[in-house]
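Chemist: What follows is a structure written as structure tokens; I'll ask about it next.
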Amino acid sequence: MSKGDLLGLGEDAEELRRLREMFAQSPRFSALLQGPEHRFVLTNPAYQQLIGHRAVIGLCVEEAIPEVESQAFIDLLDRVFATGELFVGKDVKIVLQRTPGAVPETRYLDFVYQPIKDASGTVTSIFVEGLDVTERRATEHALRDLNADLEKRVIERAQAHGLTWQLSPDLLGALNSNGYFETSNPAWKAVLGWSEAEVASMSIFELLHPDDVEHTRAGFELTLVGRPALQFVNRYRCKDGSYRHISWVGIQEDNFVYCTGRNVTAERKAEEDLSKAQDALRQSQKMEAIGQLTGGIAHDFNNLLTGIIGSLDLVRRRMVAKRSDDIPRLMDAASTSALRAAALTHRLLAFARRQSLDARPNDINRLVTGMEDLLQRTMGEEIELVFNLSDELWPAFADANQLEAALLNLVINARDAMPTGGCLTIETVNVQLDDAYTSLREDVEAGAYVAVSVSDTGIGMTPEVLEKAIDPFFTTKSVGEGTGLGLSVIYGFAKQSKGHLRLYSELGQGTTVKLYLPRAQQDAVDLKPLAIDTPRGHGETILVVEDDATVRLIISDSLKDLGYNVLTASDARFAIPLLQSTQAIDLLISDVVLPHINGRKLAETARIARPGLKVLFVSGYAKDAIVRGEFLDADMDMLSKPFALDTLGAKVRAMINSQA
């Protein structure tokens, strides 16, 4: 059998030549061992130099290098061949007899045994590679010994009260086992103000800052048993009562700890000043971001409040003048502004990842195709709408309403980026994000995701614009054409859904926004929409617990108008006696955030006395209720404020009917 065959290369002479050249040029020793007997197939010059220039090709290891048999190397090779697991050796001692009759040499090696497997996964060979670190190891040991010796000699000379002892700016001294400096140099006086006699009269623990006593005592005890102290920092009291940071080196010998201490107070002060400057910069950046956010909110909310307040003032004037013709139009204007304000609040919460999500398993393909007519109308006739939807798409865990809003927002952005027409493609695909991908990005966990991509052939974005695209209130549109919250809201929705958002764009080529949603293990849930017409009650009793008097009045009156009997309470203190009484109560409506006891705790208390009680939470914002599925138990539901009274009526009727 030729050597090419042994290597598994057949008669490929060129490949064998290239491999031999690679082996020959490597500064690391290398060898290839074939079969369970570990027979040498190939070695490089560095390997031959390590073992002595012996003829080893074709021989097994124990024949070629018999002296290693007693050093466990054969056992290691057998284990690698049997298990197929890599072995890495560091600073491993080996004894070699390089030539017959020569004195055995001790060498130290860093090496790797790498198993080589065939197509079926069976180990066929072992590749050996490594470095002879004997000289490096000896140099490192010699350097450590030299450093220790030099430091010792410096201290010894200082102890002899030589010129170094007198002139050194560092504190020098010999510390006995009781913690007293028996000798000290003049630097103690210069740095701390203490004379040699004063230093000798006080234990080091009397001079230390109280906060540094315990950790210094522990370090001192370690030094006494032979462990050197290196750059050990503590604070020593000056004679004037101030403190200095001292960095110590201490070495124990002959029942003394010989010490050198450097005053690093200025360095510590510089580090603290730098840290404060960095904190100030971060605070400045934070305030700048808050200022930008506040400015955007103030602009939009002031416009909306002007519409609401102005409309209501005009309604009041019309009523005083007994003119009712314009009242419906003005009320519609006020309602429109209020709903826009609610939408802005919702977008802000979405950006901050604080909106209440009704996350459930969803069929994303069904959701996308259900929006096709709406999206086509949104795009217009000049833009082609293309769907590339995976046939075997996993269900995804997300809030369907929020996802629909995100897709619509992305489609509108894409439309605006193609003013002269183009093509918009919506794609769905299953994606497995591995550790290699997620390690390069923050807040992304490896795992299974459903990716929804929206791609356009529009004007694209410059790198500078792309970098700011998800910042709140950043927009390239003209004043009045956009709030700059679109992508930031989608980013917040993705993160709150435990998903991921990626943007790809090139100027003049178009943009792709890819939304990753976590795969759901359950089948998709098909929710039935609430009835459009508000159903009426039949005298059922509802307890409304709301601390805001205006909101409590509106909910109560609207439910009474629908034919319900309504009880009210401002908080849990007044609600609990009603819940524990014999009063019939068909439904509890409670704000989540209440004084004294929150709505969730109130519901738990209510169900002790009334196990079958239905509970409807209403919330403007509650951090514990952000993800509804984690907040709600069976027979509980939630409405986010503000809500239409028709929506409240439909939800109440649906919950009461579900009791039957």
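Chemist: Starting from the amide H of residue 507, placed 1.01 Å from N in the peptide plane, find each other amide H under 5 Å away whose residue is 5 or more places distant or on another chain.
Modeler: Close amide H contacts, sequence-distant or interchain: 461.
Chemist: Still on this structure, I have one more. Starting from the 7 Å offset along Cα-to-Cβ, what nm value, one decimal, do you get for the label separation of residue 214 and residue 118?
Modeler: For the pair residue 214/residue 118, the computed spacing is 6.5 nm.
Chemist: A follow-up question, please. May I ask for the net charge around residue 111, where only other residues with Cβ less than 13 Å from the Cβ of residue 111 are counted and Lys, Arg are +1 while Asp, Glu are -1?
Modeler: 0
Chemist: Once you put a point 7 Å from the Cα of residue 439 and another 7 Å from the Cα of residue 146, both along the Cβ direction, what distance in nm separates them?
Modeler: 3.8 nm
Chemist: Additional query: At a 10 Å Cβ-Cβ cut-off, how would you order 500, 245, 538, fewest neighbours first?
Modeler: So the residues, fewest neighbours to most, are 538, 245, 500.
Chemist: How long is the gain from residue 62 to residue 374 if the chain were fully straight, where each residue apart is worth 0.36 nm and the alpha carbon distance is subtracted?
Modeler: Additional length available on full extension: 104.5 nm.
Chemist: Residue 230 to residue 326: extension gain in nm, 0.36 nm per residue of separation minus the Cα-Cα distance?
Modeler: Going from the current span to full extension adds 26.1 nm.
Chemist: Could you work out the percent of alpha carbon pairs in the range 541-657 separated by over 17 Å, rounded to a whole number?
Modeler: 49 percent
Chemist: Quick one: net charge of residue 218's neighbours, Cβ under 14 Å, K/R +1, D/E -1?
Modeler: Summing Lys/Arg as +1 and Asp/Glu as -1 gives -2.
Chemist: At R0 = 45 Å, how high is the FRET efficiency between residue 338 and residue 277 if r is their beta carbon distance? Nearest 0.05 is fine.
Modeler: After rounding, the FRET efficiency stands at 0.50.
Chemist: Can you work out the FRET efficiency for the pair residue 312 and residue 401, with r the C-beta to C-beta distance and R0 = 30 Å, to the nearest 0.05?
Modeler: 0.50
Chemist: Also, quick follow-up: Quick one: if you stick a label point 7 Å off each Cα along the C-beta vector at residue 75 and residue 446, how many nm between them?
Modeler: With each label placed 7 Å out from Cα toward Cβ, I get 3.4 nm.
Chemist: Moving to a separate point now. How much net charge surrounds residue 552 when only other residues with a Cβ under 14 Å from its Cβ are counted (Lys, Arg +1; Asp, Glu -1)?
Modeler: So the environment of residue 552 carries a net charge of -4.
Chemist: Sticking with this one: Longer than 25 Å from Cα to Cα, which of 614/641; 239/276; 560/641 are they? Say none if no pair is.
Modeler: 239/276
Chemist: Using a simple charge model, +1 on the beta-carbon of Lys and Arg, -1 on the beta-carbon of Asp and Glu, nothing else, what dipole does the range 227-282 show about its Cα centre, in debye to the nearest 20?
Modeler: 180 debye
Each value in this text was obtained by applying a stated rule to the coordinates, not by laboratory testing. Note that the structure is predicted; figures quoted are calculated from it, not measured. Note that we place each Cβ from the backbone using ideal geometry, even for glycine, and neighbour counts take in every protein chain shown.
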